[in-house]
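FYI, it's all coordinate maths here, none of it is from the lab. No experiment lies behind these values; they were computed from the predicted model shown. Cβ coordinates were reconstructed from backbone atoms using ideal geometry, including for glycine residues, and neighbour counts include every protein chain displayed.
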Amino acid sequence: MNDLGSDTPYGILAGVDEVGRGPLAGDVVAAAVILGADIPAGITDSKKLSERKREALAVDIKQTAVAWCVARANVAEIDDLNILHASMLAMKRAVEGLSIQPDWVLVDGNRLPRWHYRARAIIGGDAIEPAIGAASIIAKVQRDAELVALDDTYPGYGFAQHKGYPTKAHLQALQTLGVTPVHRRSFGPVARLLARQ
């Protein structure tokens with residue numbers, strides 16, 4: 001276990017990021033990471049990495065981090081709170097779930113959750129702050145795996161391919177097969193389909 005006090009002016013520093021704001025289905029997933037002194041090479045915005053590289057880095061990050069946590073806001077919470085507030089809730093849960101509580105938290109984006117942590121929001125932070133990049137990688141690998149599993153539960157929707165995003169194939173499947181319990185009813189294409197039923 002590493003004391004990050006000598007490595008950063010922040011003291012113990014956590015990075016947090018979420019994935020899954022845009023999809024029509026599935027939870028929004030967040031991860032928080034406190035990196036150790038041995039930071040895996042290649043950490044950056046998860047969207048800039050291949051699937052294979054993301055998965056390999058996620059394993060390395062989990063093995064070398066001082067602490068990490070994955071949390072979420074589920075579909076019902078997304079529909080109840082709206083996606084922005086649900087994303088903030090997922091990030092708050094991820095940081096609160098860390099086995100070591102940080103002195104500072106760096107958050108990807110331009111808004112901070114409502115919490116007691118000293119924190120800074122950084123637009124594009126997943127590409128420039130390793131702790132945020134690490135969080136984005138863990139969160140994306142986790143959420144992608146969950147959507148692949150949903151593909152088995154709800155065959156025909158293509159979740160393994162589009163991960164719940166509103167692709168042409170996904171929208172067509174919604175029209176043909178209908179809305180599942182994992183679809184976000186407050187999102188436009190789903191809400192419009194339900195309104196016509």
Problem - the chain, relative contact order [Cα under 8 Å, separation at least 6], % - result: 28
Problem - For peptides 133-140, 178-185, 89-96, 189-196, sequence by mean Cβ density within 10 Å, most packed first - result: 133-140, 89-96, 178-185, 189-196
Exercise for the section: Could you work out how far apart the two model spin labels at I100 and D152 are, taking each label as a point 7 Å from the Cα in the direction of the beta carbon, and quote it in nm? Expected result: 3.5
Handout entry: Per-pair calculated FRET efficiency, R0 = 25 Å: R21 and K168 via Cβ, rounded to 0.05
Key = 0.80
Completion exercise
Between (i) 12; (ii) 20; (iii) 46, the structure-derived percent of Cα pairs over 31 Å apart is (ii)
Handout entry: Between segment 131-154 and segment 50-115, the alpha-carbon center distance in angstrom
Key = 12
Problem - Nitroxide proxy distance, nm - points 7 Å out along Cα→Cβ at A191 and H85 - result: 1.4
Completion exercise
Listed by chain and number, the residues whose amide H is under 5 Å from that of V28, excluding neighbours fewer than 5 places away on the same chain and using placed H, are A73
Problem - Helix-derived mean residue ellipticity, 222 nm - over the chain, DSSP H n ≥ 4, -39500 (n - 2.57), to 500 - result: -13000 deg cm²/dmol
Practice task
Can you spot the aspartates and glutamates whose alpha carbon is less than 16 Å from K62's alpha carbon? Ignore those fewer than 8 places along the same chain.
Solution key: D17, D38
Handout entry: Viscosity 1.306 mPa s, 10 °C: Kirkwood-radius Stokes-Einstein D of segment 72-121 over Cα pairs, µm²/s
Key = 140
Completion exercise
In whole Hz, the Karplus estimates of ³J(HN,Hα) for segment 148-162 (6.51, -1.76, 1.60; θ = phi - 60°; x where Gly or Pro) are 4, 5, 5, 4, 6, 6, 10, x, x, 8, x, 4, 5, 8, 9
